[in-house]
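Student: Have a look at the structure that comes next, please.
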Amino acid sequence: MATLQFTFTDSTTLFRPSLPSTRTFSRNRSLIVKASSSSSDDFSKSRRRFIAETAALSVSLPQLAARAEDALSEWERVYLPIDPGVVLLDIAFVPDDPNHGFLLGTRQTILETKDGGNTWAPRSIPSAEDEDFNYRFNSISFKGKEGWIVGKPAILLYTSDAGDSWERIPLSAELPGDMVYIKATGEKSAEMVTDEGAIYVTANRGYNWRAAVQETVSATLNRTVSSGISGASYYTGTFNTVNRSPDGRYVAVSSRGNFYLTWEPGQPFWQPHNRAVARRIQNMGWRADGGLWLLVRGGGLYLSKGTGLTEEFEEVPVQSRGFGILDVGYRSTDEAWAAGGSGILLRTTNGGKSWIRDKAADNIAANLYSVKFIDEKKGFVLGNDGVLLRYLG
């Protein structure tokens, strides 16, 4: 298996409130009827009582409505101290300190929180501040106190103290493609993916990297011209998206969305697959039960049959209002959220069989690109123009 050896000379370091029941009003009306046959004093007392009850009711209605609306709102927007044009790309928290997390984006954006994501502050990392580059930080991952960040142009950052300090790890100029994803896998260990399909693993803090696949996706497809994959012959290009399952399997969508690829640990090459739908693929990822979800351009959502790798998918009706759905994130085996263009938010509570639109972000003029659940109680939606939504539950 091919090995890429990195060498370096220095180690630089809402319900609408119910109106009173008909029984309540009937009682009040009966008071008035009875009062007509009694003395004027009784009538006055009954009238005053009716007015008092009605007044108390009118005061309580807005309060009930406000409490009900608040109870239904499962997401809130978190305002960030960044430029409006920043696109948020990834978020992660330190496992040993769940209140401590980092948020990445374009324009060299790194934000830090120490209160579980309620507030964020810019984080300066001297080794990532280069006057000649405006880094796009693509991915972050933690395992224990160890963390990794990758970005474009090629940059790799590592921390062993939960992000209190970061050091820059030198990279080879021969690295194929741009780094788009990194996963912390163990002590001093990580797995890194580029947009050309290269997968590398390290077990010594990133000083040496071993290739987990023998060639890039372009090389694989061009070598197997007779593979029967539509759009794959003489392929040159990059991944549009890539997603990793908890057990280390990958699914990636080609840059044009005309086919997708999968890889499992131990396979020497990426495995190409024809798309099972007419429209081009927008994104793909893993369900909580091990199956796949698939999004197509224009707002369609499909789920694979079964829980393993398959090319058979079934469409699920969704109310996307014509806007594209860009990502899906699972909070649990049954509950998941989908997000997309113009503030689209959709929710399922039955594993994806049906989806209901949530209006929490209808008034937010932004595209929501990514849904990230850290655990069942903590989740975020990342968008453009610095839009961050926090899950309230």
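Student: Suppose we keep only residues that are hydrophobic (A, V, I, L, M, F, W, C) and over 13 Å from R249 (Cα atoms) within region 270-284. Which one would you say is most open to solvent (accessible area, probe 1.4 Å)?
Tutor: A278
Student: Need pairs with beta-carbon distance below 9 Å; first residue among the polar types (S, T, N, Q) and within region 309-331, second open to solvent by 80 Å² or more (accessible area, probe 1.4 Å); sequence gap 6+ or separate chains.
Tutor: If the second residue must be open to solvent by 80 Å² or more (accessible area, probe 1.4 Å), the pairs left are Q319/I356.
Let's see how each residue does on (1) of a type outside the set (S, T, Y); (2) open to solvent by less than 50 Å² (accessible area, probe 1.4 Å); (3) touching a strand residue (DSSP E or B) at 6+ places or on another chain (Cβ under 9 Å):
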| position | (1), (2), (3) |
| --- | --- |
| S139 | no, yes, yes |
| G147 | yes, yes, yes |
| S160 | no, no, yes |
| G163 | yes, yes, yes |
| E167 | yes, yes, yes |
| L171 | yes, yes, yes |
| E174 | yes, no, yes |
| A184 | yes, yes, yes |
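Student: If I ask for residues that are within 20 Å of K377 (Cβ to Cβ) and of a type in the set (S, T, N, Q), which ones from region 103-140 would you list?
Tutor: Result: T113, N118, T119.
Student: Does at least one position in region 112-125 carry a residue that is under 17 Å from L388 (Cβ atoms), at pLDDT 95 or above, of a type in the set (A, V, I, L, M) and loosely packed, with under 12 Cβ neighbours inside 10 Å?
Tutor: Within region 112-125, one or more residues are under 17 Å from L388 (Cβ atoms), at pLDDT 95 or above, of a type in the set (A, V, I, L, M) and loosely packed, with under 12 Cβ neighbours inside 10 Å.
Student: Filter region 126-137 down to residues that are open to solvent by 20 Å² or more (accessible area, probe 1.4 Å) and closer than 17 Å to A92 by Cβ, then give me how many there are.
Tutor: First, pick out the residues of region 126-137 that are open to solvent by 20 Å² or more (accessible area, probe 1.4 Å): 126-127, 129-134, 136.
If we keep only those that are closer than 17 Å to A92 by Cβ as well, we get 136.
Residues that pass the stated criteria total 1.
Student: Something else now. What is the residue count in region 182-210 for residues that are charged (D, E, K, R) and not in a strand (DSSP E or B)? Show your work before the answer.
Tutor: Within region 182-210, the first condition is being charged (D, E, K, R), and the residues that meet it are 183, 187-188, 191, 195-196, 205, 210.
In the following step, the residues that additionally are not in a strand (DSSP E or B) were identified as 187-188, 195-196, 205.
Summing the residues that are charged (D, E, K, R) and not in a strand (DSSP E or B) in region 182-210 gives 5.
Student: Could you check region 160-214 and list, in sequence order, the residues that are hydroxyl-bearing (S, T, Y) and at pLDDT 95 or above?
Tutor: Passing the criteria: S160, S165, Y181, T185, S189, T194, Y200, T202.
Student: Here is a further query. For region 232-246, give me each residue that is at pLDDT below 90 and open to solvent by 30 Å² or more (accessible area, probe 1.4 Å). Let's see the steps before the verdict.
Tutor: Looking only at region 232-246, we keep the residues that are at pLDDT below 90, and these are 232-238.
Answer for region 232-246, where residues must be at pLDDT below 90 and open to solvent by 30 Å² or more (accessible area, probe 1.4 Å): S233, Y234, T236, T238.
Student: Being surrounded by fewer than 17 Cβ atoms within 10 Å (Cβ to Cβ), of a type outside the set (S, T, Y) and closer than 23 Å to R280 by Cα is the filter here, so list the residues in region 322-346 that pass it.
Tutor: G322, F323
Student: I want to confirm something. Restricting to region 348-393 and keeping residues that are under 13 Å from the mean Cα position of the chain (by Cα), open to solvent by 20 Å² or more (accessible area, probe 1.4 Å) and among the polar types (S, T, N, Q), which single residue is nearest to K114 (Cα to Cα)?
Tutor: This residue is N384.
Student: Return yes or no: is V371 closer than 17 Å to L103 by Cβ and in a strand (DSSP E or B)?
Tutor: yes
Student: Which one is modelled with the lowest pLDDT, of the residues in region 342-366 that are in contact with a Phe, Trp or Tyr (Cβ under 9 Å, 6 or more places away or on another chain) and of a type in the set (D, E, K, R)?
Tutor: Among those residues, the one meeting the criterion is D358.
Student: Same structure, new question: Return the residues of region 359-385 that are acidic (D, E) and touching a helix residue (DSSP H, G or I) at 6+ places or on another chain (Cβ under 9 Å); say none if nothing qualifies.
Tutor: Across region 359-385, the qualifying residue is only D362.
One line per residue, one yes/no per condition, for (1) over 18 Å from the mean Cα position of the chain (by Cα); (2) in the same structural domain as G383 (by the TED database); (3) at pLDDT below 95:
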residue: Q271; (1), (2), (3): yes, no, yes
residue: L292; (1), (2), (3): no, yes, no
residue: K305; (1), (2), (3): yes, yes, yes
residue: E311; (1), (2), (3): yes, yes, yes
residue: P317; (1), (2), (3): yes, yes, yes
residue: G322; (1), (2), (3): yes, yes, yes
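Student: In region 260-269, what count of residues is obtained for those that are buried (at least 20 other Cβ atoms within 10 Å of the Cβ) and either touching a helix residue (DSSP H, G or I) at 6+ places or on another chain (Cβ under 6 Å) or under 19 Å from L301 (Cβ atoms) (or both)?
Tutor: Going through region 260-269 one residue at a time, the tally reaches 1.
Student: Another one. Could you grab me the full set of residues in region 69-125 that are of a type in the set (V, I, T), out of contact with any Gly (no Cβ under 6 Å at 6 or more places or on another chain) and assigned to a strand (DSSP E or B)?
Tutor: Answer for region 69-125, where residues must be of a type in the set (V, I, T), out of contact with any Gly (no Cβ under 6 Å at 6 or more places or on another chain) and assigned to a strand (DSSP E or B): V78, I91, V94, T109, I110.
The values are calculated or read from the model by the stated rules, or taken from the named source; none is laboratory data. Here the structure is a predicted model, which means the values were calculated and not measured. Methodologically, a virtual Cβ is constructed for each residue, glycine included, from the backbone with ideal geometry; neighbour enumeration extends over all protein chains shown. Just so you know, the surface numbers come from the protein's heavy atoms only, side chains and all, with ligands and any DNA or RNA stripped out. Shrake-Rupley method; radii C 1.70, N 1.55, O 1.52, S 1.80 Å.
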